[in-house]
Each structure stands twice: as structure tokens, then as C-alpha cells.
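Student: I have a structure here, written as C-alpha cells, and I will follow up with some questions on it.
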Amino acid sequence: MVPTAFRRDAVVLLGGLVAIATATDLLRDLPRTSTTTVALVFLLIVLGTATFARLRIAVVTSIISTLAFNFFFLQPVGTFAIADPQNWVVLGVYLTVAVVASKFSASAQDRARTHLAETLLASLSHDMRTPLTAVRVAVDNLRRPLDDDTREAQGAAAAAELARLTLLVENMLDMARIDAGAVPVERQWVAAADVVDAALAHVRHALAGHPVVVEASGDREVQIDPRITSAALSHMLENAAHYSPTGGRIVIAGHVGAGGLQVSVTDQGPGLQPSEIERLFDRFYRGDATRRTMHGTGMGLAIARGLLTAAGGHVWAENAPGAGARFWLDVPGPVRGATVS
């Protein structure tokens, strides 16, 4: 009898090859596809493979995706030759990142409980299928005679769905870095407004359809890691947009006090069940009601907590007065500028 692990690896490898072939077909049909987009989509496939199979399968998938990257997207297309020396650097960096990320993801898989892995599989399956289907529809439409406005709209739709895939890749990489304890902290002097602006820029697509009110000052600065803090805040904003009704307002309030930076995100969603507040930041956790009505990986808030913990901060949630939920982050650090309170 064939061992279960061997069968699983074979199925995952076959699925990875099919995913690479499908992604290649879709990306080749898109106008002006950049090598960055190709690398991110292929990296998503490699990480998915590493999540559900042993490291050797992920490495094989990394090598195959590297060959496909070279053959179909680097000049001269259709050969394994590389004309531009800079493309050797691109290819080498991609293969290195793919293999290293696979190792991180495989290590995280070894430490995760079985039911958490099953939850991630179901969530990622849906989250990958939805944007890929939308991209395929847009590409099919682009093959037909279209007027300029329609063609522009279809191209924008494909770009938006690829942005969703990119965000999913970034989430998986962040989770792998957190698990490996490999989150570097680089402190700089920044204002609350700078952190909020960076987070808003990162999740602009997710906030479409939601009025955003920002109350963040720029007269005081705190010495923290702005990249980690804005990344954590972006997950909180994405969560607020996900659970707020269309047109629901999202309020961001940030200030630098005597002890460091505090930022809150308030939405107009259904609010929080008291029994679930303590579990909101657990990996893959999603409330019973939202699990039945909304799809998602349940990684965002867990990543936010992990990033902030690495930077010495913390995050918590509460119900907002009236309706909705309010999420807070607090990052301590030295403060300079106007008198602080």
C-alpha cells in the first residue's frame, strides 16, 4: 500500500504543476505583465505547496516555477537562454526567495495542529479560486473586440484581483517570518500620520466603498519601526473593511502620547461577541456567524498581533459605543516634539 504521506505529496505536486500551468496561461494573456507580478503569483503557488507537502516537494515546485518563469516571461521568450544579465539576478533572487520561503512555510506546517492546517486549506482554496476566476473572465473578455472604456475596465478588474493574490502572498510570508522569529525591527522617528498614511496606501483597494475618516496628528514623533506598525495597521483596516457594510464608515484615530503610539480603527460592522473577543487574534480563528457567511483565511489579525509583538507592542479589541467594533494598537517608544500627555 502506498504511504499516506507519499500520496499527499504526489497530489500536492500535481496540483502545483497544474497551478503553474494555469497561472502561466493567464499571465501570458495579460497586457504588459511585469516580472514582479509573475514572481508573486508563482511564489504564492510555491508557498501553497510548502504548506501542504514536505519541503522536498516545495523545492521541486520552486525549480519548476523558475524554469517556467525563464522560458515564458524572460527575454528571449521561448528559450532557456537569458539575454539581459540583470535577468540572471531576477531569476536567482526569485529561486532563493522561493526556496527559503518554502523552508519557513514547511517549518510552520510542522508546528501547526492538523485542524488548523485543514482550516487554512479550505480558506486559501477559496481565496485563490475567486481572484483567479475573475482574472480568467477578464482575460477572456479582453480577447474579444472591445471599446477602449470596456477594455480599460477589464484590465483594471484583472489588476485588482492580482493585487488580492499579492496580498495573500504577503500574508503567508509574514506568517512564516513570525513563526521563524525572523521579523527585523528597525526603529525610526515617525509621526502618527505617517504610519496611518502608509497603512492606507497598502490597502487602498480593500477600502473601496467605505468612507474613511482619519484623525491623526503629525506634530509629535515616536521612535518605532514604521514598516511593522503600518503593516499591522493595514491588517486591522482590511478587517474593518471586510466586516463593515458597503458604505459603512471607518474611523482611524492615531496619536503619539507620553508612552508611544496609539492607533484605533472603528468600523460600523456587527460588533463583537463577548465570548469571542479573547480569540480574535488567534491564528485562523473566525467567529461562528462570519464563518457561515464570509470567506477568509483568518490570518490578518493574527499577523497584526505577531508583528506588533516583535516590535514590543500589543493589540486588543472592544465593542465601540453604539455599534461596531474598535481595534487598538499600542507601540511604546521614545517621543519627541510638542509637549506630550
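The values are calculated or read from the model by the stated rules, or taken from the named source; none is laboratory data. This one's a predicted model, so the numbers in the text were calculated from it and none came from an experiment. Neighbour counts run over all protein chains shown; Cβ positions are idealised from the backbone, glycine included. Surface accessibility is based on the protein's heavy atoms, side chains included, excluding ligands, DNA and RNA. Shrake-Rupley method; radii C 1.70, N 1.55, O 1.52, S 1.80 Å.
Student: Just checking, how many residues over region 174-197 are loosely packed, with under 15 Cβ neighbours inside 10 Å and either hydrophobic (A, V, I, L, M, F, W, C) or under 30 Å from residue 48 (Cα atoms) (or both)?
Tutor: Count: 6.
Student: Of all residues being of a type outside the set (Val, Ile, Thr) and out of contact with any helix residue (DSSP H, G or I) (no Cβ under 8 Å at 6 or more places or on another chain) in region 22-54, which is least open to solvent (accessible area, probe 1.4 Å)? Just the residue, please. Full working, then the answer.
Tutor: Taking region 22-54 as the starting set, the residues that turn out to be of a type outside the set (Val, Ile, Thr) are 23, 25-32, 34, 39-40, 42-44, 47-48, 50, 52-54.
Going one step further and asking which of them are out of contact with any helix residue (DSSP H, G or I) (no Cβ under 8 Å at 6 or more places or on another chain), we end up with 25, 32, 34.
Details: 25: 70, 32: 217, 34: 52 Å².
Per the stated criteria, the residue is 34.
Student: Give the residue that is nearest to residue 253 (Cα to Cα), with candidates limited to residues of region 310-340 that are assigned to a loop (DSSP other than H, G, I, E, B) and of a type in the set (A, V, I, L, M, F, W, C).
Tutor: Of region 310-340, the ones assigned to a loop (DSSP other than H, G, I, E, B) are 311-313, 320-324, 333-334, 338-340.
Imposing the further condition that a residue be of a type in the set (A, V, I, L, M, F, W, C) reduces the set to 311, 320, 323, 338, 340.
Values: 311: 20, 320: 13, 323: 17, 338: 18, 340: 16 Å.
Ranking the candidates gives 320 first.
Student: Output the qualifying pairs, or none if there are none: Cβ atoms under 6 angstrom, residues six or more apart or on different chains, first residue in region 139-155 and in contact (Cβ under 8 Å) with a residue 24 or more places away in the chain, second residue polar (S, T, N, Q) and surrounded by 15 or more Cβ atoms within 10 Å (Cβ to Cβ).
Tutor: 142/154
Student: Right, another one. Of all residues in region 203-237, count the ones that are assigned to a loop (DSSP other than H, G, I, E, B), open to solvent by 10 Å² or more (accessible area, probe 1.4 Å) and not aliphatic (A, V, I, L, M). Talk me through it step by step, then tell me what you get.
Tutor: Step one: list which residues in region 203-237 are assigned to a loop (DSSP other than H, G, I, E, B), which gives 203-211, 217-219, 225.
The next check asks that each one be open to solvent by 10 Å² or more (accessible area, probe 1.4 Å); those that pass are 204-211, 217-219.
Subsequent filtering for residues that are not aliphatic (A, V, I, L, M) retains 204-205, 209-211, 217-219.
Counting residues in region 203-237 that are assigned to a loop (DSSP other than H, G, I, E, B), open to solvent by 10 Å² or more (accessible area, probe 1.4 Å) and not aliphatic (A, V, I, L, M) gives 8.
Student: Taking region 143-155 only, how many residues are under 27 Å from the mean Cα position of the chain (by Cα) and under 22 Å from residue 24 (Cβ atoms)?
Tutor: 2
Student: While we're on this one: Taking the condition of being modelled with pLDDT of 95 or more and of a type outside the set (A, V, I, L, M), how many residues in region 212-224 meet it?
Tutor: Of the residues in that region, 2 qualify.
Student: Before we move on, is residue 60 under 28 Å from residue 152 (Cα atoms), over 23 Å from the mean Cα position of the chain (by Cα) and either modelled with pLDDT of 85 or more or not in a helix (DSSP H, G or I) (or both)?
Tutor: Numbers: under 28 Å from residue 152 (Cα atoms): no; over 23 Å from the mean Cα position of the chain (by Cα): yes; either modelled with pLDDT of 85 or more or not in a helix (DSSP H, G or I) (or both): yes.
Judged against the criteria, residue 60 is not a match.
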